[in-house]
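For reference, the structure discussed in these notes is given below.
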Amino acid sequence: MRATDYLKEQCQSDWTAATTHAFTDALADGSLDLEKMVGYLQQDYLFIEDFVRLLASAIAHAPTLPDAIPAAQFMGVISGPENTYFLRSFEALDAQSDALATEETVAFQTLMRKAARSGRYEVMLSVLVVAEWVYLEWARPFEDRADALPFYFGEWITLHCGAGFEGVVAYLRGQLDQVWDGLDAAAKSDVVEMFTAAVACERAFFDAAWAGFEVAT
């Protein structure tokens, strides 16, 4: 069994809840309340800075240049098309980008910062893999619906599926699979802890988004 499949099995209940969520189902069929979408986007936008710093830390700790290059290329997507998507969506939905972080947002920010400061490539990967693989899992079944939806729904799907994004997830999983066998028992335990915590954060964030974040005005 691949290491990343093993890690997913350790938190299967939260994984399934996060990747087959009522929030993303409603987003994908276009029925999601726009106020809920705005609140979700305002909170999700708060992750970009910490995610970029975590990704940059992983690039710096990659064992070789070939190991680092795909992550560096993905950095351009996050700081380019994805960042632009948020700004265009806020404009279209007549919403501001600034918001106070909720408890669920702070929990995931804290986890990303902990991973970035760890100095350990495997710990950084454990959070990065979850952040991207969860989104691929929920978005991929809805890829064929994206073009029929308003862009603030449809592009959020297309940013997280398709050959390019699947390649990103395959790369991140491959990196974690690659380093796993060289870890001692304590290091593997740390990876399991961070991976499962990240999945729990994803589930909690979607749960809170479905309940409805308070929209900053």
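The values are calculated or read from the model by the stated rules, or taken from the named source; none is laboratory data. Quick caveat, the model's predicted, so the values are computed rather than measured. Note that we place each Cβ from the backbone using ideal geometry, even for glycine, and neighbour counts take in every protein chain shown. Calculation scope for accessible area: heavy atoms of the full protein, side chains included, ligands and nucleic acids excluded. Shrake-Rupley method; radii C 1.70, N 1.55, O 1.52, S 1.80 Å.
Answer yes if at least one residue in the range 50-67 is touching a residue at least 12 places away in the same chain (Cβ under 8 Å) and under 24 Å from Glu214 (Cβ atoms), and no otherwise.
Checked against the condition, which is being touching a residue at least 12 places away in the same chain (Cβ under 8 Å) and under 24 Å from Glu214 (Cβ atoms), the range 50-67 yields at least one hit.
A quick yes/no check of all residues on (1) closer than 18 Å to Ala170 by Cβ; (2) in a helix (DSSP H, G or I); (3) not charged (D, E, K, R):
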position	(1), (2), (3)
Ser31	no, no, yes
Lys36	no, yes, no
Leu41	no, yes, yes
Arg53	no, yes, no
Ser57	no, yes, yes
Ala60	no, yes, yes
Glu82	no, yes, no
(request) Check the range 105-123 and report whether any residue there is loosely packed, with under 13 Cβ neighbours inside 10 Å and modelled with pLDDT under 95. (result) no
(request) Could you tell me whether any residue of the range 83-101 is at pLDDT below 95 and under 16 Å from the mean Cα position of the chain (by Cα)? (result) yes
(request) Those residues that are surrounded by 23 or more Cβ atoms within 10 Å (Cβ to Cβ) and touching an Asp or Glu at 6+ places or on another chain (Cβ under 7 Å), I need them from the range 202-217; list them, please. (result) Phe205
(request) Inspect all residues belonging to the range 89-97 and state whether any of them is among the polar types (S, T, N, Q) and within 30 Å of Leu183 (Cβ to Cβ). (result) no
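State yes or no: is Tyr135 of a type in the set (Ser, Thr, Tyr), open to solvent by less than 20 Å² (accessible area, probe 1.4 Å) and within 17 Å of the chain's Cα centre (by Cα)?
Yes.
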(message) Given the condition touching a Phe, Trp or Tyr at 6+ places or on another chain (Cβ under 9 Å), farther than 30 Å from Gly182 by Cβ and not aliphatic (A, V, I, L, M), answer yes or no: does some residue in the range 46-60 qualify?
(response) no
(request) Kindly indicate the residue of the range 147-175 that is crowded, with 18+ Cβ neighbours inside 10 Å and without any contact (Cβ under 8 Å) to a residue 40 or more places away in the chain and also farthest from Met75 (Cα to Cα) among those meeting that condition. (result) Gly154
(request) Tell me which of these Asp94 doesn't satisfy, since it passes every other one: (1) open to solvent by 60 Å² or more (accessible area, probe 1.4 Å); (2) under 15 Å from Asp50 (Cα atoms); (3) not in a helix (DSSP H, G or I). (result) (2)
(message) I need a count of the residues in the range 3-40 that are under 15 Å from Glu137 (Cα atoms) and among the aromatic types (Phe, Trp, Tyr).
(response) 2
(message) Within the range 57-71, does at least one residue satisfy the condition of being over 19 Å from the mean Cα position of the chain (by Cα), of a type in the set (Ser, Thr, Tyr) and loosely packed, with under 15 Cβ neighbours inside 10 Å?
(response) yes
(request) Note down all Cβ pairs under 6 Å where the first residue falls in the range 203-217 and is under 10 Å from Val38 (Cα atoms), the second is modelled with pLDDT of 95 or more and hydrophobic (A, V, I, L, M, F, W, C), and they're at least six residues apart or on different chains. (result) Ala209/Phe23; Val215/Val38; Ala216/Ala99
